[in-house]
Amino acid sequence: MKLRSPLPELDGATAWINGQVTKKDLLGEKPVLIHFWSVSCHLCKESIPDLNQFLKKYKDQLNVVAVHIPRSEEDMDLDNVKRTAEALNMTQPIFVDHEFVLSDLFENEYVPSYYVFDRSGLLRHYQAGGKGIKMLEQRVERIL
């Protein structure tokens, strides 16, 4: 997905965890963070506690949606995704993308990865990898 691309509709989820949201729900008042993760991704599991601290800091200033994509057959177990999300204290809505609908729209190939959209829904920042929370925070600060 190229910078300044619009946020796609959040259609085609296999399931939602922690509530369902739409594009319309997300845009307007706050920037939006979409982050992709996977149960079998060691880097994801390492980075989510830092991400949770970041989200706690910006909870009133940022709308957040997690997107779970499978990297193996084991990742397709919805109960395992729910257990893992709960164990990682993930409270944001989670779009379960086991058919890669949203991943394909984002042209996303990596986990963890982060997409930051401005209030109007245009992509302003993208990054992939587990140790980039400080850079993510800098980008969010600029958009705020």
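The values are calculated or read from the model by the stated rules, or taken from the named source; none is laboratory data. Values in this document were obtained by computation on a predicted structure and should not be read as measured data. All Cβ positions, even for glycine, are placed from backbone atoms using ideal geometry, and neighbour counts span all protein chains on display.
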Q. Does at least one position in region 37-47 carry a residue that is among the polar types (S, T, N, Q), touching a Gly at 6+ places or on another chain (Cβ under 8 Å), farther than 20 Å from ASP11 by Cα and assigned to a helix (DSSP H, G or I)?
A. yes
Q) Which condition number in (1) closer than 15 Å to ASN18 by Cα; (2) assigned to a loop (DSSP other than H, G, I, E, B) is the one that ASP60 fails? A) (1)
Q: Please name all residue pairs, on different chains or six or more residues apart, with Cβ atoms under 7 Å, provided the first residue is in region 12-32 and is under 18 Å from SER103 (Cβ atoms) and in contact (Cβ under 8 Å) with a residue 24 or more places away in the chain and the second residue is aromatic (Phe, Trp, Tyr) and not in a loop (DSSP other than H, G, I, E, B).
A: ALA13/PHE95; TRP16/PHE95; VAL32/PHE117
Q.
Residue pairs, Cβ under 9 Å, 6 or more apart or interchain, first in region 103-120 and closer than 15 Å to LEU43 by Cβ, second buried (at least 17 other Cβ atoms within 10 Å of the Cβ) and of a type in the set (D, E, K, R). List them.
A. TYR114/ARG139
Q.
If I ask for residues that are surrounded by fewer than 20 Cβ atoms within 10 Å (Cβ to Cβ), under 18 Å from MET76 (Cβ atoms) and touching a helix residue (DSSP H, G or I) at 6+ places or on another chain (Cβ under 6 Å), which ones from region 18-57 would you list?
A. SER40
Q: Give the residue, chosen from VAL81, VAL140, that is of a type in the set (Val, Ile, Thr), under 24 Å from LEU7 (Cβ atoms), modelled with pLDDT under 95 and more than 13 Å from the chain's Cα centre (by Cα).
A: VAL140
Q) Which of the residues belonging to region 93-127 are among the polar types (S, T, N, Q), part of a loop (DSSP other than H, G, I, E, B) and closer than 13 Å to TRP37 by Cα? A) ASN108
